[in-house]
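This report concerns only the one structure given below.
We did not get these values from a lab; they are worked out from the coordinates using the rules stated. The shown structure was predicted, so the numbers you read here are calculated from the model rather than taken from an experiment. All Cβ positions, glycine included, derive from the backbone under ideal geometry; neighbour counts span all protein chains shown.
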Amino acid sequence: MDRKGVICGVVGFLGLLSAATGFAAEATRIKASEVTQCEYPRTPAVSLGSTAVLTLLIAQVIISMATGCICCRRNTHPSTSSGTIAVICFILSWITFVIAFFLLLTAAALNDRHAAANRYDWYGNCYVVKPGVSAGGALLSLATVTLGMISYLALTSAKNNADQGWGNAPLPNQGGVAMGQPQFPPQTGADPVFVHEDTYMRRQFT
């Protein structure tokens, strides 16, 4: 398997793991009916949410290192469709990553009974994580990984097309000497005729 397949495989696995643990954290979150006088029960949502955050972070770091800061490069081939798609998906992946990271981290922290103890909302009720926070983070994790892989594959395609274009380009002038006609006319096969000086003088006086 080549480098591209390995990177996509690892990032895809981490993205699925982050989404799965995010959905599991949503299913095991602390509910309002389970809280009595702000005493929170134990729940695996904290560990699941933390795992979702960590795997999402690792996946984003890997795909970003493989792709590079394509927004900062000058030679990203923006004129090609693949280069444009790579830049757009790269930016969107970071936007979804920040939102997903914040949602998953917040949900994991508020599901911790020690961190959530003695916290109240505006109505004086014990604070619990609202439904859909961890699930939303899980969906955004999938979106982040998907956009990151699309950006990486599009950028790789743009680079390959550029390399092929340079390989098929005509070779520049190598500065060779052009072959032309000889500067002196070729000599004929007849031998030159010798004319005596007296003969030439007689012709002048006749």
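Brief remarks follow.
- Cross-link reach list, lysines versus LYS4, counting only Cα pairs under 21 Å and skipping chain neighbours closer than eight places: LYS159
- Here the calculated FRET efficiency for LEU54 and LEU16, from their Cβ-Cβ distance with R0 = 25 Å, stands at 0.95, rounded to the nearest 0.05.
- Fewest-first ordering of TYR152, TYR127, TYR40 by other beta carbons within 10 Å of each residue's beta carbon gives TYR127, TYR40, TYR152.
- Label-to-label distance, nm, for residues given as ARG3 and VAL61 (7 Å Cα→Cβ offset): 2.0
- Within straight-line cross-link reach of LYS31, lysines at Cα separation under 21 Å, skipping those fewer than 8 residues along the same chain: LYS130
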